[in-house]
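Taking it in order: structure first as structure tokens, then the write-up.
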Amino acid sequence: MKSTMGIILTGGKNNRLKELAETRSSTAVPVAGKYRMIDFALSNMVNSGITNVGVLTQYSFRSLMDHLGSGKEWDLDRRNDGLFIFPPSLTGENSGWYQGSADAMFHNITFLKRSFEEYVVIAMGNCVYNMRFDGILEYHLQKNADITIAYRDMSDFPPEELVYMGSVNVDEDGRIIDFQEKHNDPKYITCSMGIYLMRRELLIELLDECASHGKYDFVKDILIKKLETLKIYGYKFSGYWRNISTINAYYRLNMEMLKPEVRKELFEGEGKIYTKVKDEAPAKYNEEAEVTNSIVGDGCIIEGKVENSVLFRGVTVKKGVHVKNCIIMQGTVLNEDVKIEHTILDKGVVLSRGIHLKGTEKFPIIVAKNVIV
């Protein structure tokens, strides 16, 4: 896909992720033991041969910028093209807060105008999937479409969480004839994946037109309003895909990662998922350790019992500890005789000796970053 560039949207503050998004962008939330959410969209672009990628940041972008760095891990630290990170601009007339996805792209429209690629792929950075974009480009050309939107049948997703997504209706030819964005009562279970492909020049025209009318949202003010005047087609994706917009979705995603078939598709599928490399020793399991059906990151020290859980790098589980159905982030320490179940512990948490925490699958307990309990 030498003629295609990429844009990754990171969005604003997501209150539905609660403590996990208090100090970081939702696209920088850790997932699956060592990754960040944005790793998937960025890796998919690199695996598709896209080497000119812009990341539009907004809320709490410091940790995201630290994670991405120069783009070396994704082979995007290049003299020509590469990874470009665009923090919000602060001026006397602009507070830096984008008012929508179209507004974010319009404020960085110079990046689009200075690029030379014919096509552009726009992707949300808070989704987990493994997909090459070659197929969507081929479909786009075959249909002679103006815009192509990737979508998926979400019948395997809780119906109550479809309200946080965009649902689409596609006719027999594949053309999108209806689009509901985050509707309180969605009519369709076929949902947009937040992946859009179009000509770069068309995107520039649409952003200019949108801004001239004082509009800000790419989906509501461009895509939905152009359904009849532009040829907007849907490209069906049938692989694993999850949009992480709520705590329940985040918890469920990590638990689904414990299934071998899900890990195989995500990490051995269309291409490798890259992330920031950290040189740490392998996990250490003492004689008393019992670990079943869990993901354990490098640098962990396990002396207790861990089952059906995801442990990130450098977690310490001391003697007498029982961890079940939990997500434990980097550098957390569980002291002797701690018992936790259905719990999410952010980075650097310390649980004192004998602490018991028990949530439920739908209401997991969350402990914020660097808290001592």
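The values are calculated or read from the model by the stated rules, or taken from the named source; none is laboratory data. Quick caveat: nothing in here was measured; it's all calculated off a predicted structure. So basically every Cβ, Gly included, is an ideal-geometry build from the backbone, and we count neighbours across all protein chains shown. Calculation scope for accessible area: heavy atoms of the full protein, side chains included, ligands and nucleic acids excluded. Shrake-Rupley method; radii C 1.70, N 1.55, O 1.52, S 1.80 Å.
Observations, loosely collected:
- Taking θ as phi - 60° and the Karplus parameters 6.51, -1.76 and 1.60, the scalar couplings of region 113-122 work out to 5, 7, 7, 10, 5, 6, 10, 9, 9, 10 Hz in sequence order, x denoting glycine and proline.
- Shown in residue order for region 4-21 are the 3J(HN,Hα) couplings computed by the Karplus curve 6.51 cos²θ - 1.76 cosθ + 1.60 at θ = phi - 60°: 10, 10, x, 10, 10, 9, 9, x, x, 6, 10, 5, 6, 8, 6, 4, 5, 10 Hz (x for Gly and Pro).
- Helix 134-143 vs. the chain, principal-axis angle (Cα, 0 to 90°, nearest 10): 30
- Calculated FRET efficiency for the pair F267/M65, C-beta based, R₀ 35 Å, to 0.05: 0.90
- Three-way shape call for region 322-373 based on the alpha-carbon gyration tensor, with the a/c threshold at 1.5: oblate
- Highest mean packing comes first when the peptides 30-40, 157-167, 350-360 are listed by Cβ atoms within 10 Å, giving 30-40, 157-167, 350-360.
- Pairs of Cα atoms nearer than 8 Å and 6+ residues apart set the relative contact order; for region 258-332 it is 23 percent.
- H213 contributes an accessible area of around 130 Å² to the protein surface, as traced by a 1.4 Å probe with all chains present.
- Placed amide H near L357: partners under 5 Å, 5+ positions off or other chain: K339, I340, E341
- Burial ranking of peptide ranges 220-229, 324-333, 43-52 (average Cβ count within 10 Å, highest at the top): 324-333, 43-52, 220-229
- Gyration tensor (alpha-carbon) shape descriptor, region 1-132, a/c threshold 1.5: oblate
- Region 1-51 shape via C-alpha gyration tensor axes, a/c threshold 1.5: oblate
- In this label model, L141 and Q99 are separated by 3.9 nm, measuring between points 7 Å along each Cα→Cβ vector.
- Computed from Cα positions, the angle between helix 247-256 and the longest principal axis of the chain comes to roughly 70 degrees.
- Rounded to the nearest 10 square angstrom, T27 shows an accessible area of 0 square angstrom against a 1.4 Å probe.
- Heavy atoms of the protein chains alone define the surface here; on that basis the chain has 44 Å² accessible area per residue at 1.4 Å probe size.
- Region 5-48 versus region 284-330: alpha-carbon centroid distance in Å: 25
- Helix axis angle, 38-47 relative to the chain longest principal axis, alpha carbon, degrees: 60
- Accessible surface of the chain, 1.4 Å probe, proportion on carbon and sulfur as whole %: 47
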